[in-house]
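Novice: Let me begin by handing over the structure; questions about it come next.
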Amino acid sequence: MEVEAKFPYVEGVEEKVREIAELIIEKYEHDVYFAHPCRDFAQTDEAIRIRRDVEGITLTYKGPKVDAETKSREEIKLKVEDFESARRILEKLGFKPVAEVKKFRKIYGFGDAIICVDKVEDLGKFVEIEIEAENLDVKEKVFHIAEQLGYSREDSIRESYLELILQKKSRKDSSKNGQKS
């Protein structure tokens with residue numbers, strides 16, 4: 001399980017991250033998310049994506065969020081050799097691409113946690129704190145790290161980047177449709 005909390009980027013936070021954590025890698029990530037042919041992932045709170053980055057290509061299933069304060073959820077990852085072949089397999093099974101998330105990510109290590117400073121195309125900057133664990137017992141540790149960076153629980157953003165992008169697109173589409181009437 002990925003026990004994770006996301007926060008809006010605030011000036012000076014990256015300096016605080018560098019004071020307590022060690023930079024592991026900087027990378028560009030390109031994710032393509034898919035809609036299921038038989039169920040509405042927006043309703044079930046699941047996701048399936050293919051990610052391409054410098055470390056390779058990964059097919060990932062994300063289960064429903066299991067906590068009201070965080071983005072914690074089951075995550076199953078599978079390394080694949082070929083992005084386009086994985087995409088074609090999903091499409092042959094009836095999955096349809098619905099959105100892309102492109103981001104530049106700096107990953108810092110802090111004990112068993114990672115802290116990501118993300119610049120997401122068309123959304124802005126965010127900070128994510130994540131610990132992989134068997135259950136939610138580490139949630140308080142995630143929020144303790146957040147406090148060290150100047151965040152409170154109330155600052156946490158539960159929506160995924162995919163959800164934020166789809167919300168932004170929906171607002172944009174609504175305003176366009178409103179202008180046409």
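The values are calculated or read from the model by the stated rules, or taken from the named source; none is laboratory data. If you're wondering where the values come from, they're calculated on a predicted model, not measured in any experiment. Every residue, glycine as well, gets a Cβ built from its backbone with ideal geometry; the counts of neighbours run over all protein chains shown. Accessible surface areas use protein heavy atoms only, side chains included; no ligands, DNA or RNA. Shrake-Rupley method; radii C 1.70, N 1.55, O 1.52, S 1.80 Å.
Novice: Taking all protein chains as present, what is the carbon and sulfur share of the accessible area of the chain, in % to the nearest whole number, probe 1.4 Å?
Specialist: Working: 5040 of 10070 Å².
Roughly 50 percent, rounded to a whole number.
Novice: Let me ask something else. Mind giving me the nanometre distance, one decimal, between the label points for VAL10 and PHE104, set 7 Å out from Cα along Cα→Cβ?
Specialist: 2.4 nm
Novice: Search the structure for amide H atoms under 5 Å from the amide H of PHE34, placed 1.01 Å from N in the peptide plane, and list their residues when 5 or more places away or on another chain.
Specialist: The answer is ILE48, VAL98.
Novice: Let a ≥ b ≥ c be the square roots of the eigenvalues of the Cα gyration tensor of the chain; is it rounded (a/c under 1.5), or, if not, prolate (a/b larger than b/c) or oblate?
Specialist: It is prolate, given that a/c is not under 1.5 and a/b is the larger ratio.
Novice: Taking the simple approach of a point 7 Å from Cα along Cα-to-Cβ for both GLU91 and GLU19, what is their distance in nm?
Specialist: 4.9 nm
Novice: Of the listed peptides 120-132, 153-165, 7-19, what is their order by residue-averaged count of other C-beta atoms within 10 Å, with the highest listed first?
Specialist: The packing order, highest mean first, is 120-132, 153-165, 7-19.
Novice: Still on this structure: Could you work out the helix-only [θ] at 222 nm for the chain, with each DSSP H run of four or more residues adding -39,500 (n - 2.57) and the total divided by the number of residues, to the nearest 500 deg cm²/dmol?
Specialist: Computed mean residue ellipticity for the chain: -8500 deg cm²/dmol.
Novice: Provide the per residue accessible area, probe 1.4 Å, for region 22-147, rounded to a whole number of square angstrom.
Specialist: With all protein chains present, region 22-147 gives 53 Å² per residue.
Novice: Is region 1-42 best put as rounded, prolate or oblate by its Cα gyration tensor, with a ≥ b ≥ c the root eigenvalues, rounded for a/c under 1.5, and otherwise prolate when a/b is larger than b/c, oblate when not?
Specialist: It comes out prolate by the Cα gyration axes.
Novice: Under the Karplus relation 6.51 cos²θ - 1.76 cosθ + 1.60, θ = phi - 60°, what is the ordered set of whole-Hz ³J(HN,Hα) values for region 93-101, x standing for Gly and Pro?
Specialist: 7, x, 6, 10, x, 10, 6, 10, 10
Novice: Here's a follow-up. Starting from the Cα coordinates of region 120-181, work out the convex hull volume and express it per residue in Å³.
Specialist: Once divided by residue count, the hull of region 120-181 is 117 Å³.
Novice: Now for a separate question. Based on the Cβ-Cβ distance from LEU166 to GLU75, what FRET efficiency comes out when R0 is 25 Å, to the nearest 0.05?
Specialist: 0.80
Novice: Take the Cβ-Cβ distance between GLU140 and ALA68 as r, set R0 to 22 Å, and report the resulting FRET efficiency rounded to the nearest 0.05.
Specialist: It comes out at approximately 0.95.
Novice: For region 1-16 and region 139-165, what is the separation of their C-alpha centers, rounded to whole Å?
Specialist: Using only Cα atoms to place each centre, the spacing works out to 6 Å.
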